[in-house]
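First, the structure itself, so that you have it in front of you.
Read the figures in this text as sums done on the coordinates, not as results from a lab. The structure displayed is predicted, hence computed values, not measured ones. Here the Cβ is made from the backbone with ideal geometry for all residues, glycine too, and neighbour counts use every protein chain on show.
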Amino acid sequence: MKKLLIAAAALAFAATPAFADDDPSEAEAAKIKEVLTAWGCEGGSFEKETEGSGIFEAEDVKCKDGQYDFRLGKDFKVIVITGD
């Protein structure tokens, strides 16, 4: 019975789709850079979530007072800024 439960749990995890983030288009990346510049920041790496949420991530962005990760909505407005 124990082996059956372990096998069922393993199958459940294997059947769960893994979402990978995509690179934003050139136009989207340019808009992200524009927003970061308005905040006085630059650099970082950009990703677009593939879950259909339209969320963009800018990671390891350098600002005057430190390094941060930004999350932007599909309208390119900043949702969250976290210290890195």
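First select every other residue whose beta carbon is under 11 angstrom from the beta carbon of Glu28; then total the charges, Lys and Arg +1, Asp and Glu -1.
Its environment carries a net charge of -1.
A follow-up question, please. So, by mean Cβ neighbours within 10 angstrom, what's the order for 34-41, 54-61 with the highest one leading?
Sorting 34-41, 54-61 by mean packing, highest first, produces 54-61, 34-41.
Give me the log10 of I(q) over I(0) for the range 18-83 at q = 0.24 Å⁻¹, as the Debye formula computes it from C-alpha points; what are the numbers?
The Debye formula, applied to the Cα set alone, gives -1.01.
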